[in-house]
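Rule-based calculations on the coordinates, nothing more; no lab input. All of these numbers come straight from a predicted model, not from anything done at the bench. Neighbour counts run over all protein chains shown; Cβ positions are idealised from the backbone, glycine included.
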Amino acid sequence: MTSDRWATDFSHLDPEWASDPYPIQDDLRERCPIAHTQRFGGAWLPTLYEDIAEIAYDTEHFSSRAIIVSDFRPPRDLAPAGGSPPITSDPPFHRDARKLLLPAFTKAAASKQEPATMELCHSLIDAFEGQDIVDAARDYAQHIPMRVIAGILGFPPEDAPRFREFVKNTLEGVSRPREERLTRMSALFHYLRAQVQDHLSTPREDLTTYLVNAELDGRKLDPPHVVGTMALLLIAGIDTTWSAIGASLWHLAKNPEDRRRLVGDPGLLPTAIEEFLRAYAPVTMARLVKQDMHWHGAAMKADDWILLSYPAANRDPAQFDRADEVIIDRAVNRHAAFGLGIHRCLGSHLARMELQAALGAWLARYPEFTLADPAAVTWAAGQVRGPRSLPLRVTPTMTVP
Amino acid sequence: MKVKIDSKSCQGHGRCYDLAPGLFGDDEEGYGRVLGDGTVPPGQEQNARLTAANCPEQAIELVEGLR
């Protein structure tokens, strides 16, 4: 795709975007800070931090009724809840639907999962014994959020591989025919309804049991609300963190100085994680324009998409010094990887815990690693971007205490 | 120096209580809250400034000159 076409005919599903979106975003930010495409029935792509922030905060003009860009827009009467509350909900419904979930996703709640997550990371690495090359995306990063979210929802851990298919269809299958998507999506909802039934007959201490008993305004949640929220937690919790872990390991495989520094000073890891989140923010959100309007010079039509690129916001030089460089001890880092405003990623504390466990365990066990084959690295296209295949050549530490 | 949180802006990112657990905590929903009356002990001013500079919602206000 030529430079001009990105301004007037962009697609975030393009392989060029998937493999390296940053030069495209940097170019657009300078030349055409709100790009447009007729694809997907009309969509806009702002690349300035301040525009992206303004849209994230403006729930009057921009709706979250749908947040995954495709040719299809869900019916307007799905509002205010949307299909997967609270991510698809607008105010005022959004507030209470989110409030129900917040206590389960605090930093303290995430910390309780830390020992088991650390153990999981080490057991995954144990299984690589004898291998010189490990696919860190497919065989490591992927499994960590899958197992964590399965545990929180109270799903059998052996079902985890099925979640991958559900996620792939939702996030990467957006260009497939609608009927095929619906068929595949119904498999997810069938699975979730079976889990709800199982938890109704055998209640236990998990988030699924909590949701089936939860009340809004003195009434139990509608069944579609329960299942829609479960779908959200399952899908939003997996690809995103998987991508962040994978992108961080990809960076460290390519930048031995950063890797050695973190091996020598693990206390720097939390700061480095924030920088990886800034520079390789996995998630691009979306909004729908509510009414025809002129917005910052763009003639937006009702039901046009806004591709809300937090990755582009995070590399805006007006907001960050040396925005295009990865500086693992960057002290001032007001990044927007988890979004801005009322839809701040509910799982951000969980994601940070998983990143800390995944990278901490990896660096302790594999202080030396490099890309085994740079050409074999593949990146997911679409609104969640991260490595899907990441073969690393690893040199384990001699003994594990 | 004192720290304040604008609760209308705070969205519970938790950068303040990650970076300065001596100055900030969280409530049962994860929103940030100021510990005590928000007075920054001597020597912690730089840390307080860091939390304000890292809050994605710009919800932290520093009130200089108070002790």
Can you pick out the pairs among A:Lys112/B:Lys4; A:Lys99/A:Lys301; A:Lys107/B:Lys8; A:Lys107/B:Lys4 whose Cα atoms lie more than 24 Å from each other?
-> A:Lys112/B:Lys4; A:Lys99/A:Lys301
So, with points 7 Å from each Cα along the Cβ direction, the B:Ala53-A:Gln38 label distance in nm works out to 4.8
So for the protein assembly as shown, Kirkwood radius off the Cα pairs, Stokes-Einstein at 4 °C and 1.567 mPa s: how many µm² s⁻¹?
-> 56
Fewest-first ordering of A:Asp304, A:Asp373 by Cβ atoms within 10 Å yields A:Asp373, A:Asp304
Helix runs (DSSP H) in chain A reaching 20 Å along axis by Cα, Kyte-Doolittle at least -1.0 = A:178-201, A:223-254, A:348-365
Assign unit charges at the C-beta atoms only (+1 for Lys and Arg, -1 for Asp and Glu), then state the dipole size of the range B:2-63 relative to its Cα centre in Debye, rounded to the nearest 20.
-> 240
Can you tell which of A:Ala116, A:Pro161, A:His61 lies farthest toward the positive end of the dipole of the range A:31-173, using +1 and -1 charges on the Cβ of basic and acidic side chains (Lys, Arg; Asp, Glu)?
-> A:His61
Run the dipole for chain A about the Cα centre, Lys and Arg Cβ at +1, Asp and Glu Cβ at -1, nothing else charged, and hand back the magnitude in debye, nearest 20.
-> 680
Cα-based Rg/(2.2 N^0.38 Å) for the range A:259-367, rounded to two decimals, is 1.32
Counting all C-alpha pairs of chain B, share separated by more than 13 Å (%) | 55
Square roots of 5 times each gyration tensor eigenvalue, C-alpha, the range A:319-395, largest first, Å = 26, 17, 16
Between A:Asp71 and B:Thr39, what FRET efficiency comes out of the Förster formula 1/(1 + (r/R0)^6) with R0 = 45 Å and r the beta carbon distance, rounded to 0.05?
-> 0.20
Show that you can apply the helix-only estimate: for chain A, add -39,500 (n - 2.57) for every DSSP H stretch of four or more residues, divide by all residues, and state [θ] at 222 nm to the nearest 500.
-> -13500 deg cm²/dmol
Could you work out the relative contact order of chain B, using alpha carbon pairs under 8 angstrom and six or more residues apart, expressed as a whole percent?
-> 47
In nm, what is the difference between 0.36 nm times the number of residues separating A:Asp58 and A:Arg393 and their Cα-Cα distance?
-> 116.0 nm
Using alpha carbons only, how many degrees (0 to 90, rounded to 10) separate the axis of helix B:45-54 from the longest principal axis of chain B?
-> 30
Considering the Cα trace of the range A:34-192, what is its radius of gyration and what is Dmax, both in angstroms?
-> 19.2, 57
Can you give the convex hull volume of the alpha carbon atoms of the range A:99-162 per residue, in Å³?
-> 100
In whole angstrom, the spacing between the Cα centers of the range A:306-337 and the range A:1-42 equals 19
